[in-house]
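The block underneath contains the structure these notes are about, expressed in structure tokens.
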Amino acid sequence: MRGPLDDGALARTRTWNHRLGGSSYILFNYKGCGVIMPKHRRQSTRNRKTVVTAPAFIGRVRDMASDGRAIVADAQGRAYLVSGAWLDEVVEVQPTGQKGSMGFGRVVAIVEPSAARCETVCPYQGDLDTHCGGCSWMKVNYEEQLRAKQRRVSAQLEKMAVESSVLKPIMGSPKPLAYRNRAQFKTNGHQLGYHGFGLPFAD
């Protein structure tokens, strides 16, 4: 869903500051529906990632982050969050930035792909900045996705010193695709629609 908002859609627009967090929000009436969403703000200097120009390196994915990105360490032991890789894959990573002790990068090449990799059925899913940022695990088969989710829950229970016997086997869905009932849209006040995962938000 993408397109310009006409004058009628923007007939009732206003912004205000949230009393608790100080965040700016925008309210507008889009085709008869009231929509509330955060107003885009510049990222603070404290939370901004530093751009780096380090050479590419090859490493093995040691874990998966909660947002679907892979965690890969370089020869010095610095951990990098990268998109487009899966657990135990060997990938070539180009560092793109860092924030504190955590590095960020992009996959240049997959040296040793996972046997669980499969073709994605959605033409918008991918790991480039222009691709949709959702469904990041679609690149592997559903059975592997279920195992990864089970491992994450098991690891969290272990950290909490909870007996592993309380964890029941994960229940897979009979319909692994097209089950979502929620979508998140972006707006710049003129257009409403999906937004590329790594693209800057234009005015």
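Being exposed (fewer than 12 other Cβ atoms within 10 Å of the Cβ), without any contact (Cβ under 8 Å) to a residue 24 or more places away in the chain, within 25 Å of Val61 (Cβ to Cβ) and of a type outside the set (A, V, I, L, M, F, W, C) narrows it down to one residue among Pro169, Pro174; which is it?
Only one candidate qualifies: Pro169.
Tell me whether region 68-77 contains one or more residues that are free of Cβ contacts under 8 Å to residues at least 12 places away in the same chain and over 14 Å from the mean Cα position of the chain (by Cα).
yes
Take region 89-112 and flag every residue that is assigned to a loop (DSSP other than H, G, I, E, B) and either surrounded by 15 or more Cβ atoms within 10 Å (Cβ to Cβ) or touching a Cys at 6+ places or on another chain (Cβ under 7 Å) (or both).
Glu89
Filter region 137-175 down to the residues that are of a type in the set (A, V, I, L, M) and part of a helix (DSSP H, G or I), then identify the one that is nearest to the chain's Cα centre (by Cα).
In this case the residue turns out to be Ala148.
Rule-based calculations on the coordinates, nothing more; no lab input. On a predicted model such as this, the values are computed, not experimentally measured, just so you know. In this analysis, Cβ positions are derived from the backbone assuming ideal geometry, glycine residues included, and neighbour counts consider all displayed protein chains.
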